[in-house]
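The values are calculated or read from the model by the stated rules, or taken from the named source; none is laboratory data. Every value quoted in this text rests on a predicted model; they were computed, and no experiment measured them. FYI the Cβ positions are ideal-geometry reconstructions off the backbone, even for glycines, and counts take in every protein chain you see. Note: accessible area is taken over every heavy atom of the protein model, side chains too, but ligands, DNA and RNA are not part of it. Shrake-Rupley method; radii C 1.70, N 1.55, O 1.52, S 1.80 Å.
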Amino acid sequence: MKAKKILAMALAVGMTLGLTGVPTFADDKKTFVFGDTTFNAENEEADINPQNTYAGWACIRYGVGETLFRYSDTMEIEPWIAKEYENIDELTWKITLNDGVVFSNGRACDGEAVKECLEALVANHERAAGDLCIDTIEADGNTITIKTTEPKPALINYLSDPYGCIIDTQAGITDNGIVIGTGPYVATDLVTDDHLTLVKNENYWNGDVNVDEITVRTISDGDTLAFALQAGEINAAYGMAYASYPIFENEDFTFSSTATSRAFYAWMNFESPVTSDPAVRKAIAMGIDKESFVSVLLKGYGYPAVGAFPDTFSFGGQNLTTESYDPDGAKQVLEDAGWVDTDGDGIREKDGQKLVIRWLTYPSRQELPLLAESAQATLKEIGMDVQVNCTSDNNTIRKDPTLWDVYASAMVTAPTGDPQYFFTSCALDSSVSNNGHYHSDKLEELAAQMENEFDVDKRAELGIQMQQTVLDDNAYVFCSHLRMSMIMQSNVTGLVAHPCDYYELTADLDIN
Amino acid sequence: MSKRKNEDMNVRNTATKEYGKKVTVRVQKVKKSHIKQKLVFFTVLAVCLVILAVFSDHLCPYDPYAQDLSSALQAPSLAHPMGTDTYGRDMLSRVISGARASIFSTFILVAVISIFGTIVGVGCGYYGGIMDSVMMRISDVCLAFPGLVFAMAIAAILGGGIQNAIIALAVISWPKYSRIARSQTLALKNEPYIHAAILSGDSSLQIMLRHVFPNMLGPVLVTAMLDIGTMMMELAGLSFLGLGAQIPMAEWGSMMSSGRSMIQTYPWVVLSPGIAIFVSVVIFNLLGDTVRDYLDPKNREAF
């Protein structure tokens, strides 16, 4: 009997220990856990292979890959892997690399390696191929000479896009999408939608790395993220819900915030019988209360948008005019266009067609469901029935224009610091993502001019005209720009929010 | 069970013998009036909830769908007894308005599954044969899955919306009733009075309606009453997961879901619908329990 008791007690103690877990007293290794809501397949960041859709964002953010040039805090091009470039003629660019750049596996990152990488990039990545228009690349020691098929004034900017991360193509890409880059960290394990494990790059070419091991946890749910940071399971978080900010506004945590060009905006579907009507588009533009959306729902962590770019850019919203929030005006616009509520249910009709707006959006950017519900209420006031479809499957649905009328999404509109990117990615006939099939002869003409314009001021002027064209057609309604924040424990240093939202985990990261 | 009952009876008989009959009668009277009181009390509460749901349009102090961003996330006050949500909507109005969605949907759901399940059960039990086997295997399939998981799968296929959530839960919940009805029918159909009815030329439909169905009303009713609370929780659960009511519809489950990120910062946004669910589920469960006690044959002789 006594033996049984002792056995039972031993079991109980064992189980308790098992449950609590024995803490690992290791070594003086510095470890860091980063919680991120956006590192997932839903955001087209399934892995860290920069040549796979938008996964380059993960590659560059988590310090695995680096691009030839990078952006300064004022969004100007500065050297990174490359030290300088020279625009020999309209079609030819000579880029000189820094000496001593090595991949994390020890291979030298020379002209030949960059050439291999860029050739693979344009072969594998549709958007990059369209942006770069590379004809030939020649490598000679530490210089490469790129010839484009047509004038590409923004080539250097495009090369600084996350897809331009230089990876060792000879080392290949593992099945789970791990690549070898030149950054301060080396990926050792990756499970899509779960985690990424990084270790210090012992061969890092550009200074010392402070942290030995990093785990990036995909935590798509904002509440889980908040609890994880509160409980100390993660050291820093990206994508915290605004509603949770007050929890961290104390001395235990630090915020790093910056204005970005990430815009939250609504795309109109020109194939839809409803939103193909200019009056409906205009009424939607007049029916969204951007000011309150930013000040209340985003708790001031944002800026109401006019055009695609924030006011910090020379081609920003200050140069543009668009509809402002005016419910009465919107009602009038709809009345004049023949949209009248004949059956008294509060929703307007025209020729038997109800003014129903199928509003497609997705939950991983927490601002978007807030925008949807806020627009649903304000547009209802002017007689529109907004049916929100907030789904992670948005990227499939938006490709079928019969399934939606308005698509609200988030996008960094000027990741390259240049206005062309936004238009080439979603507003032109040739744009891969122009799923609403917007077409404007004027815009196409201006875009063609921009293609050949090398003068920065003139490009900015064209950028303004192009935005105004889009706004005059109400093809897009820009609602707000993001003031991006990362929240971290107060002992974390070197984790700084950057205006282009590309650089997060750098060699400067430290935890004390 | 029956052995214990016999023992109880023995004890009671002894007590009667020793202390006289009066004592026993008094104890039963107390028990009887206690159950009756409970029944009346919970019925009144449940009726109050139903009235709240029926007249929710008139009882809401504000429009539950009117956003007023200037008064977003206000703490409970005299003007807004349950505070306001992210969009400045009055929580009390939304909770009252949500009562309609939550309670009526539950009633519809329970009515559908109990009626359909009973019809299937009586039919299967009375006729037997291939139909019986087929229907019972289908019900086995439904019962084999964990209920809510199966409902989630169906709701996900059908898409969001409270109607689809009702359909999803109905599809998985009817077999319980068909099982009860079938077993009762099997027991009843060999009763002499059924044979007598057959001999006197009653049609099968007449027998089922007049002689079988009324005799199983009790168990079915009790199960249905007890199911109201469960179904309310499951509907709210589906809405919480985004598979039931869609925004901006005021429904308790979806209100909790949209407010859950505020549990630490603005707790009233999630607690108001949470308490509403808690209170209504408790009321309907206790009412169900009391109805069961009331209809229990053990207590019946007391009335």
**Complete:** Cα-Cα longer than 29 Å, checked against A:299/A:380; A:299/A:458; A:299/A:442; B:176/B:298; A:83/A:147, kept in input order, equals A:299/A:458; A:299/A:442
**Message:** Run the simple label-point estimate for residue A:213 and residue A:299 please: 7 Å along Cα→C-beta, distance reported in nm.
**Reply:** 3.3 nm
**Between B and A, accessible area buried - total, square angstrom, nearest 100, 1.4 angstrom probe** = 1600 Å²
**Asked** Gaussian network model of chain B, Cα springs within a sub-10 Å range: biggest mean-square fluctuation belongs to which of B:280, B:200, B:114?
**Response** B:200
**Fill in**
Whole-percent carbon and sulfur contribution to the accessible surface of chain A (1.4 Å, no ligands, DNA or RNA) stands at 50 percent
**Request:** List, in order, the whole-Hz ³J(HN,Hα) value for each residue of region B:172-185 obtained from phi through the Karplus relation with A = 6.51, B = -1.76, C = 1.60 and θ = phi - 60°; use x for Gly and Pro.
**Result:** 8, 9, 5, x, 4, 6, 5, 5, 4, 5, 5, 5, 5, 4
**Message:** Can you give me the accessible area per residue for chain A, using a 1.4 Å probe, in Å²?
**Reply:** 39 Å²
**Prompt:** If ligands, DNA and RNA are left out, what is the accessible area of residue A:314 with a 1.4 Å probe, given in Å² to the nearest 10?
**Reply:** 80 Å²
**Message:** In whole Hz and in residue order, list the ³J(HN,Hα) couplings for region A:237-252 that follow from phi through the Karplus curve 6.51 cos²θ - 1.76 cosθ + 1.60, θ = phi - 60°; x for Gly and Pro.
**Reply:** 9, 10, x, 5, 5, 4, 5, 8, 3, x, 4, 9, 7, 8, 6, 7
**Item:** List of region A:358-387 residues, accessible area with partners at least 10 Å² below that of the chain alone (1.4 Å probe)
**Value:** A:370, A:373, A:374, A:376, A:377
**Prompt:** At a probe size of 1.4 Å, how large is the accessible area of residue A:62, to the nearest 10 Å²?
**Reply:** 0 Å²
**Request:** Any aspartates and glutamates with Cα under 20 Å of the residue A:30 Cα? List them, leaving off those in the same chain fewer than 8 positions away.
**Result:** A:189, A:202, A:208, A:212, A:213, A:233, A:252, A:504, A:508, A:510
**Prompt:** Looking at region A:259-483, what % of the alpha carbon pairs are farther apart than 21 Å?
**Reply:** 52 percent
**Fill in**
Rounded to one decimal in nm, the spacing of the 7 Å Cα→Cβ label points at residue A:451 and residue B:75 is 6.2 nm
**Fill in**
Heavy-atom accessible area per residue of chain B, all protein chains kept, 1.4 Å probe, expressed in Å², is 52 Å²
**Request:** Have a look at region B:199-279 and give its Rg and Dmax from the Cα atoms, expressed in angstrom.
**Result:** 21.0, 73
**Request:** Divide the volume of the convex hull of the Cα atoms of region A:52-188 by its number of residues and quote the answer in cubic angstrom per residue.
**Result:** 102 Å³
**Request:** In whole Hz, with x marking every Gly and Pro, tabulate ³J(HN,Hα) for region A:367-378 from phi via Karplus 6.51 cos²θ - 1.76 cosθ + 1.60, θ = phi - 60°.
**Result:** 5, 5, x, 5, 4, 4, 6, 5, 5, 4, 6, 6
**Item:** Whole-number Å³ per residue for the convex hull built on Cα positions in chain B
**Value:** 190 Å³
**Pairwise FRET efficiency - residue A:254 versus residue A:311, Cβ, R0 = 25 Å, nearest 0.05** = 0.40
**Item:** Per-peptide average of other Cβ atoms within 10 Å, ordering A:98-104, B:178-184 highest first
**Value:** B:178-184, A:98-104
**Principal axes of the protein assembly as shown: Cα extent on each, largest first, Å** = 115, 85, 60
**Fill in**
Buried by partner chains in region B:235-264 (accessible area down by at least 20 Å² vs chain alone, 1.4 Å probe, heavy atoms, protein only) are B:247, B:248, B:260, B:261, B:264
**Prompt:** Taking a 1.4 Å probe, which of B:134, A:209 shows the most accessible area, and what order do the others take after it?
**Reply:** B:134, A:209
**Cα gyration tensor shape of region A:375-497, rounded if a/c is under 1.5, else prolate or oblate by comparing a/b with b/c** = oblate
**Asked** With labels modelled as points extended 7 Å from the Cα through the Cβ direction, what inter-label distance (nm, one decimal) is found for residue A:123 paired with residue B:40?
**Response** 8.8 nm
**Item:** Within a Gaussian network of chain B (alpha carbon springs, distance under 10 Å), most fluctuating of B:79, B:196, B:101
**Value:** B:196
**Message:** Normalised by the empirical 2.2 N^0.38 Å for globular proteins, what value does the Cα Rg of region A:178-263 take?
**Reply:** 1.28
**Asked** Listed highest first by mean packing, meaning other Cβ atoms within 10 Å per residue, what order do A:31-40, A:135-144 come in?
**Response** A:31-40, A:135-144
**Item:** Rg/Rg_ref, region A:432-472, where Rg_ref = 2.2 N^0.38 Å and atoms are Cα
**Value:** 1.20
**Prompt:** How many partner chain Cβ atoms sit within 10 Å of a residue's Cβ in peptide A:228-235, on average, as a whole number?
**Reply:** 0
**Request:** Take every residue in peptide B:65-72, count the Cβ atoms of other chains within 10 Å of its Cβ, and give the average of those counts.
**Result:** 5
**Item:** Estimated [θ] at 222 nm from DSSP helical runs (n ≥ 4, -39500 (n - 2.57)) normalised by residues in the protein assembly as shown, nearest 500
**Value:** -14000 deg cm²/dmol
**Fill in**
Taking every residue of A:241-248, the Cβ atoms of other protein chains inside 10 Å of its Cβ average out to 4
